[in-house]
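Okay, so here's the structure we're looking at.
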Amino acid sequence: MSLWPEETAARYRASGYWRGQTFGALLTLLKEAYADRTAVVGEEQRWTFAELDERAHRLAAGFVANGIGQGDRVVVQLPNIPEFVSVVFGLWRAGAVPVFALPAHRDSELRHFVEQSEAKAILTVGEHAGHDHAKMAREIGQHRKVFVVGEPEFAELAAAAPRELPEPDPESMAFLQLSGGSTGLPKLIPRTHDDYLYSVRESARICGLKKDSVYLAALPVAHNFPLSSPGLLGALHAGAATVLAQRPDADTAFRLIEAEGVTISGVVPPLAAAWVQAAARTGGDLSSLDVLLVGGAKCGRELAERIGPALGCRLQQVFGMAEGLVCYTRLDDPEDLVLSTQGRPISPDDEVRVVNPDDPLATSDDLVEPGEIGALLTRGPYTIRGYYNAAEHNKTAFTEDGFYRTGDLVRRRASGHLEVVGRAKEQINRGGEKVAAEEVENHLMAHPGVLDAAVVAVPDEYLGERTCAYVVPVDGKQPSASELRRFVRGRGVAAFKVPDLVEVVGEFPVTGVGKTSKRELRAALAALAKER
Ligand code: J2J
């Protein structure tokens, strides 16, 4: 059964976008074509396509032996280690559905993913970057199975004898991605084998991946960008190797670029800026690097202009979202488009509407004049039609005719290239890491001294934006900024969600608005913060 209306699904099949292939079946073909070529490189491991294929077969059998099979959800929280790849393909072959948590997520988020997806198991690591993931998973998992890479139970899974397993339906949910979100905790995004493989296949082509390419995954690979734009999966699809960096800093990345002959990577703008600066300082050999994708947040023209000369590579801008739509500047685009736009969609059947930005419920008919700024709506062969188990939220997140309301403000050029000029959604983009204002507000309001809270973006030279929480205390209470930051951290959230700044105010510093909505209040605060 398709997650799209049947008529639309039929069109996507007929157009050759959806080919009825699963990720497990793809890996089998890759193994046949590229057996002894390197597929994945980790800190201490180096697997060929044949080795990856075998590991995925064994894990699949191990999962099934443990009662994890067709349609079962498993929350996967792994850093950039080769086991991420074998585990995910193992789950796919078992017909199970990975839920991609980021290594930065903590108790409150992980618990939400487990509950929301009704996961049967959690798959994680032990200690990573100073945090005990195994302990956290066990506390949350309770009666669920918890597998920890490096522990005996996982070794047992990984050693299971391969066996024939039924293929999952290519049009069924392959995994759940996370949304950056704007209202409360992250929503789950159901992606299918067919729709995701289409975006991966085309991304690999658009980014010029070939079997001799080497992709450096600098960002956490569970994120949609390093996973599929073109990312780990794009590289595998092309028969190319992926090098997994444990950390994204310039020292680590440059060492790997030189040692492994990396040809392509993808980073968020603050990281691109850090690499540009470091290249001027260190002069490591980056000569193999051919393409750097920059996206996740707006890459301003000034930074865009410096990337090519500093790193000796071509810049490719990418504007994507875990919900679907991905835009790239093309490698043969004129320089001005590469420097000043965020690219154009992957597919000729990506439908883009730029609509009235002042109406959060604008429909696909409320178009602005061509070239004017408006809110971006999109629909297409790899953009979801609804979040997982979120009927109420879906009523406003999507139009009646199935367009996703991205919350991004864009301007469209005659060439179809989009320029991202801002955002209408209540989200802070902290250098590519998305913070839903409401999620942090709810954490703040759990503090006994807090009456009300509004979290807004303030400009930041390095990250683009940082978070500022305006807090109105309960009468007679005066919680300090540091106490409130500690409190939010203690609620078990990813570190990037702890407010960078906290301003405790007598009342919200907006006058004359009377009974104002949070939306208006936030806009007023954001304008105020910008003026400072
Ligand atoms: C401005 N804003 C951008 C850009 C994303 C590739 C690349 C990025 C993501 C991603 C992704 C932007 N300029 N170049 O999934 O496959 C903001 C927009 C967008 C939101 C999506 C991929 N690139 N953004 O960042 O799901 O606001 O995906 O709606 O994390 O990031 O965030 P996310």
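All but one of (1) within 21 Å of residue 327 (Cα to Cα); (2) within 13 Å of the ligand (Cβ to nearest atom); (3) assigned to a strand (DSSP E or B) hold for residue 384, so report the exception by its number.
Against the list (1) within 21 Å of residue 327 (Cα to Cα); (2) within 13 Å of the ligand (Cβ to nearest atom); (3) assigned to a strand (DSSP E or B), residue 384 comes up short only on (3).
Anything in segment 427-444 that is touching a Ser or Thr at 6+ places or on another chain (Cβ under 7 Å) and surrounded by fewer than 22 Cβ atoms within 10 Å (Cβ to Cβ)? List them, or say none.
Answer for segment 427-444, where residues must be touching a Ser or Thr at 6+ places or on another chain (Cβ under 7 Å) and surrounded by fewer than 22 Cβ atoms within 10 Å (Cβ to Cβ): 430, 438.
Quick check on my filter: what residues within segment 127-182 are in contact with a His (Cβ under 6 Å, 6 or more places away or on another chain) and within 16 Å of the ligand (Cβ to nearest atom)?
174
Does segment 111-119 include one or more residues that are at pLDDT below 95 and surrounded by fewer than 23 Cβ atoms within 10 Å (Cβ to Cβ)?
No, there is no match, as no residue in segment 111-119 is at pLDDT below 95 and surrounded by fewer than 23 Cβ atoms within 10 Å (Cβ to Cβ).
Failed condition for residue 366, given (1) more than 22 Å from residue 210 (Cα to Cα); (2) in contact (Cβ under 8 Å) with a residue 12 or more places away in the chain; (3) out of contact with any Ser or Thr (no Cβ under 8 Å at 6 or more places or on another chain), with all others met?
(2)
Mind checking which residues of segment 33-76 are of a type in the set (D, E, K, R) and without any contact (Cβ under 8 Å) to a residue 24 or more places away in the chain? So that I can check it myself, show each step before the final result.
Of segment 33-76, the ones of a type in the set (D, E, K, R) are 36-37, 43-44, 46, 51, 53-55, 58, 72-73.
If the condition is that a residue be of a type in the set (D, E, K, R) and without any contact (Cβ under 8 Å) to a residue 24 or more places away in the chain, then 36, 44, 46, 51 are the ones that fit.
Across segment 422-462, what is the number of residues that are away from the ligand (no atom under 15 Å from the Cβ) and part of a loop (DSSP other than H, G, I, E, B)?
The number of residues fulfilling the criteria is 6.
If you take the residues of segment 320-334 that are more than 9 Å from the ligand (Cβ to nearest atom) and more than 13 Å from residue 345 (Cα to Cα), which of them is surrounded by the fewest Cβ atoms within 10 Å (Cβ to Cβ)?
The extreme case among them is 332.
Kindly indicate whether any position in segment 280-292 is within 16 Å of the ligand (Cβ to nearest atom) and either part of a helix (DSSP H, G or I) or closer than 30 Å to residue 187 by Cα (or both).
Taking every residue of segment 280-292 in turn, at least one turns out to be within 16 Å of the ligand (Cβ to nearest atom) and either part of a helix (DSSP H, G or I) or closer than 30 Å to residue 187 by Cα (or both).
Could you tell me which numbered condition residue 86 fails, if it satisfies all but one of (1) within 27 Å of residue 261 (Cβ to Cβ); (2) surrounded by fewer than 22 Cβ atoms within 10 Å (Cβ to Cβ); (3) of a type in the set (Ser, Thr, Tyr)?
(2)
Quick one: in segment 293-319, which of the residues that are surrounded by 24 or more Cβ atoms within 10 Å (Cβ to Cβ) and in a strand (DSSP E or B) is farthest from the ligand (Cβ to nearest atom)?
Here the answer is 316.
For residues in segment 262-279 being away from the ligand (no atom under 16 Å from the Cβ) and among the polar types (S, T, N, Q), which is farthest from the chain's Cα centre (by Cα)?
Result: 277.
When you scan segment 219-261 for helices (runs of 4 or more DSSP H) that lie fully inside it, which ones turn up with 3 or more residues that are away from the ligand (no atom under 16 Å from the Cβ), of a type in the set (D, E, K, R) and modelled with pLDDT of 95 or more? Give the steps one after another, and end with the answer.
Values: elements: 224-228, 231-238, 250-260.
It comes to 250-260.
The values are calculated or read from the model by the stated rules, or taken from the named source; none is laboratory data. A quick note: this is a predicted structure, and the numbers were derived from the prediction, not measured. Don't worry about glycine lacking a Cβ; one is built from the backbone with ideal geometry, like all the others, and counts go over all protein chains shown.
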